[in-house]
Every structure is written in structure tokens, then in C-alpha cells.
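Reading through the C-alpha cells given below for one structure.
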Amino acid sequence: MGVNGEDLQVITPQFLYVQAPTVNAVLPSSGSSGGGTRVTILGSNFVGESDGSIPVQANGPSAAEVLPGTLVTSSMVTVYAPASAGADAVSLEVSNNGLDFSTDS
């Protein structure tokens, strides 16, 4: 019993192991260099935050940018493409923890 006469609740910290995310497809495969194209990422083992957010990294020719993605299902994420200075190809990677990103498939 606690100091205030209420029962104490013991909370045990937990660590959750999850499989690494895999990206299988990105649709559409192109969009405006002005950005704003809604992109769907298909794959497996996607795990987002409780608010449905999931980090997506866009790897361009000169730099990487982390974008706010939205978890739709464990196999689908949506994100809006950023603007690009030219007709550059970028790879998109997904992270379950904000640190470790999927590798190109």
C-alpha cells in the first residue's frame, strides 16, 4: 500500500524485439520535382508509433532526409515526397525505431 493509502501498481519496463522492416515496392515510381507526391511503400514488418507515425528516410544523391511517414498496415506506409533540385532518383527506407533503416530491396 502506498503512502496515500492507495494500492501501488508495479510497472515492469519492457523491451520489444521486432523484425527488421523490408521495402518491396514504391508506388508511384516518379513524381514532381516540386515534391508533394503521395508515395505508398509496400513491404513487411512495419511497426509505427502509437500515433501511427513511422520514420521514412529518402536517400538522395547528395544527402539523406528523414520524412514523417504514416503507418497504414504492417505492410504499407505512406509518405509525401520532398522537393528535389532536379530529376534525381532517391531510395526510400523505413525504420521501426528511428535509428535503423531498412535496406534497399
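Check whether at least one residue in the range 59-71 is open to solvent by 60 Å² or more (accessible area, probe 1.4 Å), under 24 Å from Tyr17 (Cβ atoms) and assigned to a strand (DSSP E or B), and report yes or no. Looking through the range 59-71, at least one residue is open to solvent by 60 Å² or more (accessible area, probe 1.4 Å), under 24 Å from Tyr17 (Cβ atoms) and assigned to a strand (DSSP E or B).
For the range 5-39, the candidate set comprises residues that are among the β-branched types (Val, Ile, Thr) and more than 18 Å from Val66 (Cβ to Cβ); within that set, the residue that is nearest to the chain's Cα centre (by Cα) is Thr22. Residues in the range 34-58 that are open to solvent by less than 70 Å² (accessible area, probe 1.4 Å) and in a loop (DSSP other than H, G, I, E, B): Gly34, Gly35, Gly36, Thr37, Asn45, Phe46, Val47, Gly48, Gly52. Looking across the range 85-96, the residues that are in contact with a strand residue (DSSP E or B) (Cβ under 9 Å, 6 or more places away or on another chain) and more than 15 Å from Ala25 (Cα to Cα) come down to Ser95, Asn96.
Residues in the range 72-89 that are in a loop (DSSP other than H, G, I, E, B) and open to solvent by 40 Å² or more (accessible area, probe 1.4 Å): Ser74, Ser75, Pro82, Ala83, Ser84, Ala85, Ala87, Asp88, Ala89.
Scanning the range 22-57 for residues being modelled with pLDDT under 90 and closer than 12 Å to Val79 by Cα gives a total of 1.
The values are calculated or read from the model by the stated rules, or taken from the named source; none is laboratory data. Everything numeric in this text was worked out from a predicted model, so none of it was measured. Because the Cβ atoms are built from the backbone with ideal geometry, glycine has one as well, and the counts that use them run over all protein chains shown. Please note that ligands, DNA and RNA were not included when accessible areas were found on the heavy atoms of the full protein model with its side chains. Shrake-Rupley method; radii C 1.70, N 1.55, O 1.52, S 1.80 Å.
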